[in-house]
Structures are given as C-alpha cells and as structure tokens.
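**Q** Please find one structure pasted underneath; my questions will follow.
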Amino acid sequence: MRYEAPESVEGAVALLAGGGPRGRVLAGGTDLLVQLRAGMVAPELVVDIKRIAETRKIREADGKLVIGAAVSGAELGEHAVAKALWPGVVESTELIGSTQIQGRASLAGNLCNASPAADTVPALVAAAATCKIAGPNGVRRIPVEDVCTGPGQLSLGDGEFVVAFEFPKRPPRSADAYLRFIPRTEMDIAVVGAGVNLAFDDGGRCVAARVALGAVAPTVILVEEAGQALVGTTCDAAALQEMAAAASAACRPIDDKRGTVEYRTKVAGVLATRAAGIAAQRAKESR
Amino acid sequence: MAANSHGKTNGSTRWVGTRPVRPDGVDKVTGRARFGADVHLPNMLVGKVLRSPHAHARIHSIDTSAALALPGVKTVVTRDDFNDLPSEFVPAGEMLINYRDVVRNVMAREKALFEGHPVAAVAAVSEKVAREALARIKVDYEVLPHVLDVVEAMAPEAPLLHEDLITAGVEPAPTTPSNVAKVVEFKLGDVEAGFAEADIVIEREFSTQPVHQGYIEPHACIANYSEDGQAELWCTTQGHFVVRGHCAKLLGMDVSKLRVTASEIGGGFGGKTVVYLEPVALMLSRKSGQPVKMTMSREEVFQASGPAAGTRVWAKVGMTNAGRITAGEAVLKYQAGAFQGSPVQPGCMCAFAPYDLAHVKVVGYDVVVNRPKVAAYRAPGAPQSEFAVESIIDELAKRIGMDPVELRLKNAAKEGTKAAYGPTFGPVGLVETLEEAKAHDHYRTPLKPGQGRGVASGFWFNIGGETCATLNLGEDGTIALVAGTPDIGGSRASLCLQAAETLGVDVERIRPLIGDTSTLGYTFLTGGSRTAFASGMAVIEAARDMIRQLCERAAKIWDIPVDAVEWIDGEARPAGSNAGEFEPLSLADLARLAGKSGGPFVGRAQINAQGAGPSFGTHIVDVDVDRETGRVTIERYTVIQDAGKAVHPSYVEGQLQGGAVQGIGWALNEEYIYDDKGRLQNPGFLDYRIPVCSDVPMIDTVIVEVPNPTHPYGVRGVGETPIVPPMAAIANAVEGALGLRFTDLPMSPPRVLKALGDARVPKAA
Amino acid sequence: MARVVFIGNFRQLAGGDAEAEIAASNVRDLLRRLGERYPALAPHLDEGIALAIDGEIHQDALFSPVRPDSEVCLMPKIAGG
Amino acid sequence: MAKAHVTTTVNGDAVEFLCDAEQTLLDVLRDELYLTGSKEGCASGDCGACSVIADGRLVCACLMLGVEAEGLAIETIEGMADGDQLHPLQTKFLEHAALQCGVCTPGFLVAAKSLLERNPDPTEIEVRYWLAGNLCRCTGYDKIVRAVLDTAEEMRGG
C-alpha cells in the first residue's frame, strides 16, 4: 500500500486517476482503517485529502454554507455559524461515534462509505445539500442523494472525489433536525435515522418540508410523501401522524443484527415525528 | 475520598477498612504498567492463528507447505504437533476440565466445532507476513450441519458434536451418544407436597443469551522456549499456576521447566482462567527456537474465547396467600459450547439459595453446541437460574400485593437455614441486605410517572483453595509481600492492608508483588471471589509466621523465654513486668539486627483456605421505558451486599458497581448474533453492546458487614455476587413500568417494542 | 457419628439414600468409609467434590476435622469467575 | 514497498520513525517507539483504550495511520505527568479508586484531560457523553466520573 498526501485538488485527482480501481480516498479514516484492519479492503494506493486546504475549510458567504469534505465532526461542532444555519446537519455529524471518532470523522467519509445507516446523509439530503466533486474532467455538482447508489456503491467515476458540501441559502423561519435511534446512548450505528428540514411562512404554515430516512432502505431515502404531508399544515398532530405514516410506508428495510424490519419501520415514523417537532420548534425560534 | 460508601465497620481495625492509594496505582495511571501485550523480547516473532470459518466441519487435511515457503515464516503448528491426551478430568478454573477437550479446544483435531476454532498457527517475522502465511494454509473441510440452540441440540435428530459423548448422570447409561453431556439433579424435601401446600403456583420459561466477559484487554502472551527444554511464558491470566499446569500437560513438559509470569491483567471476570494462545505460543517457540508473541484481535476474543452459557430455564414456585414460599422447582438447560462443562451445576445450586425452602428440585442439563466453549463469568451459572427464580418471586409478591422486599425477608435464608443445595448456612447477610434495602432512600423515594422499580437478591458460594504467600523483611524494616494470585481489581492493596493489620505496621512499608510460578508454591487462580479471602488468609498466616520469628529473635536478644515476648503495634515487647525491662524492638530494629542475630526474616504461608463465607446481595433499580422505541433507561441503581468485612471499601464498592453494570448490559443489550451458517455477526464492541459511560447512572452501594467467622477479619469474597441480581431486578422494574413480564434476555429495544405492540392487540379469548 | 447428606447426583450414587451416619474424625476417614459403604460413589470421591462441613465449604481438604455431631454435605466442587 | 519516513512530535519531543503505510499510529507507538501505555482493546475505534491527542484533538490511535502523524504534535499517556508530578487527573483517579484492572485507564485519562482542557466545568452528563467512547468493564464508570468531576472542581480552584 502506498500513501500519498497531495496538497492540491489536481494532485489528488491525478493520483486517484492513475491509481486505478485500487486507490482509496482517506479523509478521517474512521471507516477506512477499520476496513483495512479487517482485510475488507486492500488498496494499493491511499490518497489522504486532508492536506488540501479546500477540504478543511468551513465557509459562509451570502447565507450559503460550504463545508470541506475532510472537516471533522469536532471542527464542525465548534463552528457557530454552521451550527446556527444547519443545526440538524451539525448534530448528525456529532452523533457519529465517540469523541475520539469526532476528532477525525468527516462528512465526505460518512457519505462515501456508502452505508445506508450513515448518520449525516439523511440530514444532508433533507438539507438539499450538493456535493462538489472533482475529477479528471473538472468539477461537477450533484445532489447528495445521488452519490450513493447502493450499500458500498458510489456514482463517482475513476479519479473523482468529493471536495466539499454546498448548502442552499437558508430561508427565514426554517430549520432542520436529525435524530437517530440506537440501542445504547452512544457508540452504535443508527438502527433508524431521520433528517427533517422545514420552512414556514409568517403565518406558521409549512411551505417546504424534506424528510429523509436512513437505515431503512439500501440507500438513504428522501420521502417526498412525508414532506408533502406537512406542507400547507402547521405541523399539527394530525399532519405529523400522516407524515409518520408516509415515512413508515416508504421503509424497505432488512432484518439484521441491528434491527428488524418491523422495528425499523415503526421507529422511522416515530423519529421522523420527533425530528419534525424539533425542526418546527427551531424554525419558530429563528427569525 | 470516595464519598459514596455507607460502609459500616465492626470491630476495631487500624488498616483493614481504610482506603489507601493502591500500591500499583501510579504505574497504572502513567501507562507504565505492563499488560499481556506490552512486552517485547529481542528476536521475537509474531504468532497468528488460523481459525475455522465453519461452525462445524470435519478436517480432512491441512496443507501448510505454501505458508512455510513464504520468506519470513519460521514455523507452522497444527493438530499434528500436539499429542492427543486421554480423557482425564482435573479441577480447573470453574469446574472440572478434561484434557482431551483442552487439547482440542486449543487446536482442532478431527473436527472444527465452532467458527473461530483454531486450526493452525504460524510464527513469522512480522504481523504482515504472519497474516499472509495464514492465507496460504489450505484446509480441506467437510462442512457438517451445526446446532447453536440448547433445546435444538438436545433433540434426538440434532447434529452430533462428539460421536462418543454418552450422557453422564443417567441410570442406566444411554447406549447412544447425544449432545447432552450430563444431567444433574438437586433435591430437597418433596416438591409435590410443597406445591400442594401452595395457594399460588407460578411457572414460566426463561431464556438468556450467551454474554461475553468483555474484558478490555484481549488475550496475549509471549513464549520463550529454550533449546534445553525450559521455557518462560509471560501472559495475561487470572492464574499463572493453572496456565503452567495446562501448558506443561499439553507440551509434555515438567512443570518445573516452565516459568510463567502473570502480566498485569486487563480484566478477566472468569474468562482468563483457561488457556487459548499459551500452549500454541510455546509450541511455536519450541519449533522456531525464537520467542513468540501472540495476541488476539477483538474479533478473535469474541469468536473463540469463553462467553457465559446461554440458557433455557423453566422454573416453578409455590407460595401461600400469606407469602410463605412452599416449594421451588426448575429445569436448567445450559449451553456448554463446543465441549462439555457448562456451569449448570452451580446454576442448579444457586437457583433457590436465597430462600429458606423445605422442598426444592432442580434438574440441570449440560449441552454441547457449535459455539465457543463457555468460560467462567462472575458467579458462573448463577445469574441465569436466579434470573428465573427472582422474576417469579417478584410476580408472586405482586400477585398477593406484598412488598417484594418484605416477601423476600419473610422467606430469606439466614444462619441455620438448610440451603436449597444441601448444607446449613452459617452467619450470612441476606436479611441484613434486605433490611438495608427497605430503609434505603432509594427504596423510599417515590417513582416518577411511567417509571418502574425492581428488586432482586442474589447469592454466590465463594471459595478458598490452595494459596501461598511470602513476606520478605528488608534490612530497613520494610516488607516485600509476594502473592500468587494475579491482581485483577486492586487485590494487592487489600493484601497489604491485611498484612499491615496483622503485623501492626504502616501499610506504606509493605510493597506487594505477584510472584511468578517459580517464586511460590502452587497457588490457585484469582477467581471465585477468593483472592481477598484466601490470599488474605495466606498473607495473615505469613505475617504470623514472621511475628513468631521476630518474637523468637527478640527473646534471644533479650535472653528471655520466647513466651515472655509479645508482638504489639509492630514491635516486640516484653510480656508484662515479669518478663524484664527492655526497650521494645520494632520491626526496623529487628531487621537491622537480623544478620548478626541469626539471619533474615521471611514469613511464609502455604495453605488450602477453607470456609469462604457465602455472599448475598440485594439490588434496587428504577427504569424508564420509551414506549415508542422500546428503549429501557436505568434511572437509578443501588447495590447492597454483604462483604463480611470490606478490607479496602473503595475496591469493594468497585466490585459491586462493576458487577451491576455488567448485569445491566446482560439484561438490556448484550447478545451473540449468528447467521444461518453459524457465523458470529457481531464480534466487536460496536455491535456487541456493553454499557458505555452515558448509558448508566451513578451506582450507589451499601456494604453490609456480617463477618465470616473463618477469616480473622471476617472477610468474604465480593466479586461474583453483584452480577447475579441485575437481570431479574431490571426485568422486575420493567414489569413495574409497563405491566409486561420479560422472560427472555436481552430486553433490547426491538423486543420491548414488539411486546408493547403485542400487548396492545387484544388477545383472542 | 457425623450425618452425611447426599444431594444432587450423589444421592443416585448412594443408592438413593438421602443421608448416612458415618463415624469419622476427618474428611479422609469420612471419604474412605463412604467409599466402602457405597461402592458406586467411591470413584467420584477423589476429584471434583466439595464438602460442606456444618455449612462451611471444604474442598481438597483431607484433614479437615469432622466432629461427631457434624452435618457433612457432599457437593460438586465450586469455583467461580 | 519501502517504509515511509515520518517526522513528528511525541509528548513534546521530536521523533522520527520508519513505518509501513498500513501501520496505524497505535502500531507505531507501541511497536516502533515502545510507548505501550496506549492499549489496543479493539483496533476499530470502539473502546478508546488507545486514546491520544493529535494536534489538540482527541483521537483513537488505532484509527490513524502512522504516516498521517507527519508534522503533528502527538500526546500520549506517557507525557501526561510533568516529570515526577502527576497530573491532577492521575492523582484523583488514584484517590477515587477509579480503576480496577487499569487497562482502560490511560485512555480514560487522556480523554478526560482533553475534556477538561475544553470544558473546565463539565456536568456529570457532559462527562459521561465525552467519555462514552472509552469502555471500562470493571468499574461501572461511577468512580471514573466522580474522579473527573472532582478533578475539574479542584483545577478550577474549588
């Protein structure tokens, strides 16, 4: 295994494109190193993107947030502006693993590990975040939900990697929230995750709602029906109930060591409801 | 200092019962302490084990030639390197073990009997080369049907693990083999008559999952076998003398030629009482002529080292309307893992031990399944059977509207009670723990809405056993204490306190050491809650031996008869005015004069400690349950236990707290998850969910002290009992919160939510 | 004479007797006499047993004293984690 | 594949080492630098026994490559005491008997130090969540949490 730590996006692209299929991107490494140790992957080349300045920055301009691919959860959690704009995204990042994992784990790593249970992805999808992807043919941008195509599978081409996440401008009276269920209070992989992003008009009616669920299908799913159940309502109990039913109905989970189909389906609705409640409360408190 | 103890002292002791900083403490907070994997030897190789990917498979052949051809590979061992051993039962960690099975558990012979069963091992110049070598070993397996469940394994058509296993304990002996290794039965009185006296009889079936001890330090050792047939072994173990015995047997060595040093041990809880890597490392070292270090990965620890037995338990208890328990009956089916020897016997004996019952019948089955061989885990066998009984006791109390502590008090075993397992109890402290529970602030504080409170009691025998200790008096009057029981939770501190108490010297003047197998006579392992008791007795005995020598020497110096000398407060004094007027001779004085007056002082003891006092405990727990997700949260927890005498109360509290939290894990989330091929799906701390810091509240403790008459300071072992009550206590609390009785562990969120859902659906009449 | 109590499978090996009266001053005597009286029990008395003498557990202790009025309970050997 | 040459700082000392790209920082600390105070309990970031501080961030040394340490400042348990002066956390862990077997202790101490550097007045809940990545199977965490809270109070001059 060869290790390279290029200092530019172009350098990384050149290495990854030349590395062939056995090249891997290293950001926080909290998934990659476990897979290396377990012999699940045996890359010939590892390209560490943390020395590329752009991947380590959090920027905000004109209300639009950009988070570098290799920003760690701990760094994001300490960023007051990011937290104020996208509390759900920040809390989803901060839920990954322990304090120690937080010191390393990144948004891009969490996304590109391509696990359906990734904590940040439902929050990113609910936020309608976009990935900035660099590759041999230059830079392109795709919605976060288009990056993973199945467990362990990405839509990225040879030599491509995620450089940053770009967020839309946050409308007034809007907020997001993320909740996940795990059997313990910490240190588990999400059994179900729910990201909700809501915007309200000044009359208190929901004008936009995105509900995304994790660990209930081969990839994180954006549940349009769940969002629609809230739009036009005040997110009252009846609307929330309908939203929960839509969320549960969209679930296509599996039975595995972390949960059953029945359990995941039920709890998806519960978490979506609770997350929507938090998002609505936050939106109300925002200006 | 730690302020959460309500330790009550009795008698007057100067050192026993105090809380000095442990003597090995600084090494452990600076990273200096050397654990199993922390030693490097010059010219050292790395050993790695190839493990079976199959739960059950016949091994037709093993081809190691490609591995041996790899540069950097020094040697390979397989079943061919170990002589087969005849069936011979010897006392080991938890109960008898059979060397025929030990040699097969260490390295598979005819068959691989569980996923992770060692099949071959290599020694190579690096971890990387060793891993590559493992990949080159070709094993021809014939995969066989496997069985994991204890009840399925007992069925006549179940796949047979051992074609020659004939059930013991059945008359006449069966003529065909089965997976039932043994049937045991304990009877007292006449249960039928007892149930006839009852107004209420409740019977239920319970199940518990195998749970791992979960020590944070994986198994590790370094073997250094010399060309002259002698060897040194450094390893993490609860008993290096036991390791020496097993390894010598498996390698055909004289025990005197094998010197085993116990490293600092990073947790054991019973799981480090047996050998896994050690004989393999010695064999690799013997064949390669170089030191070999082996460590298990966490995955290997889960796949191939001992869990506690998963069980199926049926229990039945009868009671009068007045709350008198009239009879108890149980059938216990315990998984042994791949080889016989589950702790079903102690499980049977403990099931009804907390109660004064005239009629008891318990039948136990020891059953082999295609899982790793179980190892001892804190009070082995008892938590599973007492979970069943303590759950039913709670239900009985609720049935007649009696407070569950009151019901237990009404039926509690006390001095003079004929224990359900046979003997008559001496002084025991169950009643005292129950009285403390009743009076405790926790028990009297009203519950918040939606919460439930549970109580349960638990019992463990405790043991003594073969134990040596030496006290070497230095020329400056300080003392080196040498014990043979590895210190797993602060026992060096408690041994020093007992020596200081007996000698009447400052505990700071005593420095402890766990001696290697060549420095002391045979000493049984740290387990069975025996160390503070048995090594304590040995240390006291050694101190008395030294006092005898010191008094003799003072008599000689003063030229008076030895019986005219007394040892008081750390110095020799003339006994009364008749003995003469002499300035007392302190330990330091005598140490200084030692050479000139006849030679150094060494106090020794080699004992087989008997009369360990049993220990009872009672736990109180409050839970909250998230009705929408099924998550159970432990809101408050109190452990009350009889310690006889708490030598170092902080470490007694630590045992109670640690045992309780392990029990919380057992109750709520810990389980082994296998796929349909018998492969473990959660061999890591990510999905084998032991409690993390944020899962639990502070664990309050109350130490009750009902002295054990056999021990000079009244000490009883404390380590095992605290893991017995939690599962029932929590199940009883969940019942209180939800009105639902959980009989299957763990009470994990999916199980709880499912039960809540099922309960909402009205049952068909 | 000490009163010996058989529990568990020991009772089976003792021909179904629940108790026996045995004259012995220590464990070794007691075990020898038990073996003589119950030949089926004899092979099981060497290893793996414990005795509760008046409630106190003795394991591998041939010379532990047995009093004439002692209650001795034969049990499987106990260890622990 | 030739080994990589890495220049870094460990506990304030400039350190150079050679390692394979696959080797984790934990492998390097333990097997190349013989700093065995950081323990391997799982090698997958689940137990925290290998906690170290890398450029001010608490991390698991098992989840970082040795080569990634280039130019960073690494702090391990071996650097926690100042000469023969124990860090207040080390002293409090001893006083509170906040360890039994002691194998998780280095990780807990490094993690707790990192907490108190950021938050000198943590609540019990904050302590528990910060330390949730450090597994202890012996103590039930009670005395560890008390020791950390007590240290914080003492360090605040309480």
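**Q** Report every pair of residues separated by at least 6 positions or lying on different chains whose Cβ atoms are under 9 Å apart, first residue within region B:597-610 and surrounded by fewer than 18 Cβ atoms within 10 Å (Cβ to Cβ), second in a loop (DSSP other than H, G, I, E, B) and of a type in the set (Asp, Glu).
**A** B:Pro600/B:Glu475
**Q** Out of region B:50-89, which residues are loosely packed, with under 13 Cβ neighbours inside 10 Å and either among the charged types (D, E, K, R) or outside any helix (DSSP H, G or I) (or both)? Steps first, please.
**A** Keep residues of region B:50-89 that are loosely packed, with under 13 Cβ neighbours inside 10 Å, which gives B:60-61, B:65, B:69, B:71, B:80, B:83-84, B:86-87.
Selection gives B:His60, B:Ser61, B:Ala69, B:Pro71, B:Asp80, B:Asn83, B:Asp84, B:Pro86, B:Ser87.
**Q** Being within 12 Å of chain B (Cβ to nearest Cβ) and buried (at least 24 other Cβ atoms within 10 Å of the Cβ) narrows it down to one residue among D:Gly83, D:Gly45, D:Gly66, D:Gly79; which is it?
**A** When all the criteria are applied, what remains is D:Gly45.
**Q** May I ask you to list the residues in region D:87-136 that are within 12 Å of chain A (Cβ to nearest Cβ), under 23 Å from B:Gln662 (Cα atoms) and of a type in the set (Gly, Ala, Ser)?
**A** D:Gly107, D:Ala111, D:Ala112, D:Ala132, D:Gly133
**Q** Which of the residues that make up region B:201-236 are in the same structural domain as B:Gly267 (by TED's automatic domain parsing), farther than 23 Å from D:Pro106 by Cα and not small (Gly, Ala, Ser)?
**A** B:Asn224, B:Tyr225, B:Glu227, B:Asp228, B:Gln230, B:Glu232, B:Leu233
**Q** Hand me the list of helices (runs of 4 or more DSSP H) wholly inside region A:35-136 holding 2 or more residues that are within 14 Å of chain D (Cβ to nearest Cβ) and of a type in the set (S, T, N, Q).
**A** Passing ranges, in order: A:99-102.
**Q** Restricting to region B:736-750, name every residue that is assigned to a loop (DSSP other than H, G, I, E, B), more than 14 Å from chain A (Cβ to nearest Cβ) and not hydroxyl-bearing (Ser, Thr, Tyr).
**A** Result: B:Gly739, B:Leu740, B:Arg741, B:Phe742.
**Q** Can I ask one more? Can you tell me how many residues in region B:182-199 are among the charged types (D, E, K, R) and away from every other protein chain (no Cβ under 14 Å)?
**A** 3
**Q** So, one more: Go through region A:217-287 and tell me which helices (runs of 4 or more DSSP H), entirely inside it, have 1 or more residues that are surrounded by fewer than 20 Cβ atoms within 10 Å (Cβ to Cβ) and of a type in the set (Gly, Ala, Ser).
**A** Helices (runs of 4 or more DSSP H) meeting the threshold: A:237-250, A:261-285.
**Q** For region A:196-207, check the following and say yes or no: at least one residue is surrounded by fewer than 22 Cβ atoms within 10 Å (Cβ to Cβ), in contact with a Ser or Thr (Cβ under 9 Å, 6 or more places away or on another chain), farther than 30 Å from D:Cys42 by Cβ and not assigned by TED's automatic domain parsing to the domain that holds A:Ile221.
**A** Scanning region A:196-207, I find no residue that is surrounded by fewer than 22 Cβ atoms within 10 Å (Cβ to Cβ), in contact with a Ser or Thr (Cβ under 9 Å, 6 or more places away or on another chain), farther than 30 Å from D:Cys42 by Cβ and not assigned by TED's automatic domain parsing to the domain that holds A:Ile221, so the answer is no.
**Q** Checking the conditions here, which among B:Ile620, B:Ile634 is in contact with a Ser or Thr (Cβ under 8 Å, 6 or more places away or on another chain) and either surrounded by fewer than 24 Cβ atoms within 10 Å (Cβ to Cβ) or not basic (Lys, Arg) (or both)?
**A** Checking each option against the conditions leaves just B:Ile620.
**Q** Here's a follow-up. Out of curiosity, is B:Ala173 in contact (Cβ under 8 Å) with a residue 24 or more places away in the chain and aliphatic (A, V, I, L, M)?
**A** So B:Ala173 fails the test.
**Q** When the residues of region A:19-34 are filtered to those that are in contact (Cβ under 8 Å) with a residue 12 or more places away in the chain and in a helix (DSSP H, G or I), which remaining residue is surrounded by the fewest Cβ atoms within 10 Å (Cβ to Cβ)?
**A** Keep residues of region A:19-34 that are in contact (Cβ under 8 Å) with a residue 12 or more places away in the chain, which gives A:19-32.
Still in the list and also in a helix (DSSP H, G or I): A:19-22, A:32.
Details: A:Gly19: 20, A:Gly20: 12, A:Pro21: 8, A:Arg22: 12, A:Leu32: 22.
Ranking the qualifying residues of region A:19-34, first place goes to A:Pro21.
**Q** Of all the residues that make up region B:641-695, how many are within 11 Å of chain D (Cβ to nearest Cβ) and either of a type in the set (Val, Ile, Thr) or touching a Cys at 6+ places or on another chain (Cβ under 6 Å) (or both)?
**A** 7
**Q** Separate question: Can you give me the number of residues within region B:173-187 that are more than 26 Å from C:Met75 (Cβ to Cβ) and assigned to a strand (DSSP E or B)?
**A** Total meeting the criteria: 0.
**Q** Identify, please: which residue in region B:709-765 is within 30 Å of B:Val652 (Cα to Cα) and among the β-branched types (Val, Ile, Thr) and is, among those, surrounded by the most Cβ atoms within 10 Å (Cβ to Cβ)?
**A** Going through the qualifying residues, I end up with B:Thr721.
**Q** I would also like to ask the following. Can B:Ile703 be described as of a type in the set (A, V, I, L, M), over 24 Å from B:Gly337 (Cα atoms) and buried (at least 24 other Cβ atoms within 10 Å of the Cβ)?
**A** Here the answer is yes, as B:Ile703 does meet what is asked.
**Q** Could you tell me which residue of region B:38-49 is surrounded by the fewest Cβ atoms within 10 Å (Cβ to Cβ), considering only residues that are in contact with a Lys or Arg (Cβ under 9 Å, 6 or more places away or on another chain) and under 16 Å from B:Pro279 (Cα atoms)?
**A** Just the residues of region B:38-49 that are in contact with a Lys or Arg (Cβ under 9 Å, 6 or more places away or on another chain), to begin with: B:38-41, B:44-48.
Remaining after also requiring under 16 Å from B:Pro279 (Cα atoms): B:45-48.
Numbers: B:Leu45: 28, B:Val46: 22, B:Gly47: 29, B:Lys48: 25.
Going through the qualifying residues, I end up with B:Val46.
**Q** Which residue is nearest to the other protein chains (Cβ to nearest Cβ), if the candidates are limited to region D:1-14 and must be surrounded by 11 or more Cβ atoms within 10 Å (Cβ to Cβ) and touching a residue at least 24 places away in the same chain (Cβ under 8 Å)?
**A** Start the filter on region D:1-14 by keeping residues that are surrounded by 11 or more Cβ atoms within 10 Å (Cβ to Cβ), which leaves D:3-11.
Narrowing further to those that are touching a residue at least 24 places away in the same chain (Cβ under 8 Å): D:4, D:6-11.
Values: D:Ala4: 6, D:Val6: 10, D:Thr7: 14, D:Thr8: 14, D:Thr9: 17, D:Val10: 13, D:Asn11: 11 Å.
Taking the candidates together, the pick is D:Ala4.
**Q** Can you tell me which residues in region B:582-626 are in a loop (DSSP other than H, G, I, E, B) and either more than 10 Å from every other protein chain (Cβ to nearest Cβ) or within 29 Å of B:Pro423 (Cβ to Cβ) (or both)?
**A** B:Phe582, B:Glu583, B:Pro584, B:Gly598, B:Gly599, B:Pro600, B:Phe601, B:Gln610, B:Gly611, B:Ala612, B:Gly613, B:Pro614
**Q** Could you figure out which of (1) within 14 Å of chain D (Cβ to nearest Cβ); (2) not in a loop (DSSP other than H, G, I, E, B) isn't true of A:Ala199?
**A** The number of the failed condition is (1).
**Q** Identify, please: which residue in region B:200-221 is within 13 Å of another protein chain (Cβ to nearest Cβ) and assigned to a strand (DSSP E or B) and is, among those, farthest from the chain's Cα centre (by Cα)?
**A** Applying the filter and picking the extreme gives B:Ala220.
**Q** Further question on the same structure: Could you pull out the residue among A:Ile101, A:Ile96, A:Ile58 that is under 21 Å from A:Val121 (Cα atoms), of a type outside the set (Phe, Trp, Tyr) and out of contact with any Ser or Thr (no Cβ under 9 Å at 6 or more places or on another chain)?
**A** A:Ile58
**Q** Just checking, does region B:109-118 include any residue being of a type in the set (A, V, I, L, M) and closer than 24 Å to B:Val313 by Cβ? Can you show your working first?
**A** To start, the set of residues in region B:109-118 that are of a type in the set (A, V, I, L, M) comprises B:112-113.
Of the ones still in play, those that are also closer than 24 Å to B:Val313 by Cβ are none.
There is no residue in region B:109-118 that is of a type in the set (A, V, I, L, M) and closer than 24 Å to B:Val313 by Cβ.
**Q** Quick check on region B:260-281. Is at least one of its residues more than 26 Å from the chain's Cα centre (by Cα), modelled with pLDDT of 95 or more and outside any loop (DSSP other than H, G, I, E, B)?
**A** Of region B:260-281, the ones more than 26 Å from the chain's Cα centre (by Cα) are none.
The answer is no; no qualifying residue exists.
**Q** How about region D:44-110: which strands (runs of 3 or more DSSP E) wholly inside it have at least 2 residues that are touching a Leu at 6+ places or on another chain (Cβ under 7 Å)?
**A** Details: elements: D:51-54, D:57-60, D:73-75.
Filter on region D:44-110 gives D:51-54.
**Q** List the strands (runs of 3 or more DSSP E) that sit entirely inside chain C and contain at least 3 residues that are of a type outside the set (A, V, I, L, M, F, W, C), under 12 Å from the mean Cα position of the chain (by Cα) and more than 9 Å from every other protein chain (Cβ to nearest Cβ).
**A** Numbers: elements: C:2-6, C:19-22, C:49-53, C:56-59, C:71-76.
Hits in chain C: none.
**Q** Before we move on, is B:Glu197 at pLDDT below 95 and more than 21 Å from the chain's Cα centre (by Cα)? Break it down stepwise before answering.
**A** Working: at pLDDT below 95: no; more than 21 Å from the chain's Cα centre (by Cα): yes.
No, not satisfied.
**Q** Any residue at all in region A:66-84 that is within 22 Å of A:Asn197 (Cα to Cα) and hydroxyl-bearing (Ser, Thr, Tyr)?
**A** Scanning region A:66-84, I find no residue that is within 22 Å of A:Asn197 (Cα to Cα) and hydroxyl-bearing (Ser, Thr, Tyr), so the answer is no.
The values are calculated or read from the model by the stated rules, or taken from the named source; none is laboratory data. Owing to the predicted nature of the structure, the values given are computational and were not obtained by experimental measurement. Positions of Cβ are generated from backbone atoms using ideal geometry, with glycine treated the same way; all protein chains shown enter the neighbour counts.
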